[in-house]
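The values are calculated or read from the model by the stated rules, or taken from the named source; none is laboratory data. Here the structure is a predicted model, which is why all the values come from computation and not from measurement. Neighbour counts run over all protein chains shown; Cβ positions are idealised from the backbone, glycine included. These area figures cover heavy atoms from the full protein model, side chains too; ligands, DNA and RNA do not enter into them. Shrake-Rupley method; radii C 1.70, N 1.55, O 1.52, S 1.80 Å.
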Amino acid sequence: MSAVAYELLSTTAVISTVFQFLSGAMICRKYIQKKSTGDSSGVPFICGFLSCSFWLRYGVLTEEQSIVLVNIIGSTLFLIYTLIYYVFTVNKRAFVRQFAFVLSVLIAVVVYTNRLADQRDEMIRITGIFCCIVTVCFFAAPLATLLHVIRAKNSESLPLPLIATSFLVSLQWLIYGILISDSFIQIPNFLGCLLSMLQLSLFVVYPPRSYSGQGYKLVEQAVPF
């Protein structure tokens with residue numbers, strides 16, 4: 001692939017991922033309008049912050065500027081979403097405990113890998129493993145929804161626009177990972193493509209009765225990367 005095509009791919013991947021991250025702004029807007037988070041969970045925002053922070057660390061270590069840029073934006077956005085959720089949730093104590101746990105995991109990994117400063121390849125490998133684990137956990141999160149769709153034989157609860165966007169973003173980063181020969185980028189995004197295709201196939205197997213279901217009223221799926 002030519003340098004121009006490579007730059008085009010990395011630029012469009014960053015732009016489409018940032019737009020995906022911005023889906024959280026719609027959720028936060030509802031919180032601000034209602035002055036309440038209702039019964040929704042803030043875990044996707046906290047985990048989004050953790051994921052972007054890990055990938056930011058990985059991008060710095062591997063000197064991949066596209067990874068650094070997209071995850072600086074992502075970690076900043078998810079931190080803002082987390083703060084907005086905290087302001088409007090009634091269960092602040094539990095939310096703070098969740099955020100403190102995630103922050104402690106992030107700090108522990110950074111401190112541990114910093115001790116491997118003289119073993120840069122091992123430092124990158126361990127950070128990459130944690131990035132993959134967190135990202136795969138995110139991809140596993142919608143599985144409960146998929147089981148509900150299969151039981152109900154109705155895909156109305158699935159947000160089609162977000163799933164289609166997730167497929168596009170995962171595909172872009174998968175190709176990017178292949179071009180730079182980075183398995184830590186390839187593996188989670190390959191799984192992301194598979195999960196997105198599985199979700200999209202459910203719209204064919206179990207067509208929605210309408211396109212106004214819960215999946216279209218509130219998208220609450222964290223986007224890893």
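Key figures
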quantity	calculated
Residue within the range 97-110 that is touching a residue at least 24 places away in the same chain (Cβ under 8 Å), farther than 15 Å from Cys47 by Cβ, in a helix (DSSP H, G or I) and not polar (S, T, N, Q) present	yes
Selected residue (criterion: nearest to Ile46 (Cα to Cα)) from residues of the range 115-131 that are surrounded by 11 or more Cβ atoms within 10 Å (Cβ to Cβ) and over 18 Å from the mean Cα position of the chain (by Cα)	Ile126
Count - residues of the range 175-218 that are part of a loop (DSSP other than H, G, I, E, B) and modelled with pLDDT of 85 or more	3
The range 157-174, subset at pLDDT below 90 and within 16 Å of Val14 (Cβ to Cβ), residue surrounded by the fewest Cβ atoms within 10 Å (Cβ to Cβ)	Thr165
Subset tally (residues that are among the polar types (S, T, N, Q) and open to solvent by less than 60 Å² (accessible area, probe 1.4 Å)) for the range 105-114	1
The range 92-104, residues that are more than 19 Å from the chain's Cα centre (by Cα) and open to solvent by 90 Å² or more (accessible area, probe 1.4 Å)	Arg93, Arg97
All positions within the range 70-83 that are in contact with a Ser or Thr (Cβ under 9 Å, 6 or more places away or on another chain) and in contact (Cβ under 8 Å) with a residue 40 or more places away in the chain	Val70, Asn71, Ile73, Gly74, Phe78
Any hit, the range 25-44, residues being under 27 Å from Phe184 (Cα atoms) and not small (Gly, Ala, Ser)	yes
Any chance Ala117 is assigned to a loop (DSSP other than H, G, I, E, B) and closer than 28 Å to Trp173 by Cα	yes
So Val90, is it aliphatic (A, V, I, L, M) and in a helix (DSSP H, G or I)	no
Helices (runs of 4 or more DSSP H) (entirely within the range 1-83) containing at least 1 residues that are surrounded by 14 or more Cβ atoms within 10 Å (Cβ to Cβ) and charged (D, E, K, R)	23-34, 43-62
Single residue of Ile133, Ile129 found to be free of Cβ contacts under 8 Å to residues at least 40 places away in the same chain, under 28 Å from Ser16 (Cα atoms) and either of a type in the set (Gly, Ala, Ser) or assigned to a helix (DSSP H, G or I) (or both)	Ile133
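Each row is one residue, and each column tells you yes or no for (1) among the basic types (Lys, Arg); (2) closer than 25 Å to Arg93 by Cβ; (3) modelled with pLDDT under 90.
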position	(1), (2), (3)
Ala5	no, no, yes
Cys28	no, yes, no
Ser40	no, yes, yes
Gln65	no, no, no
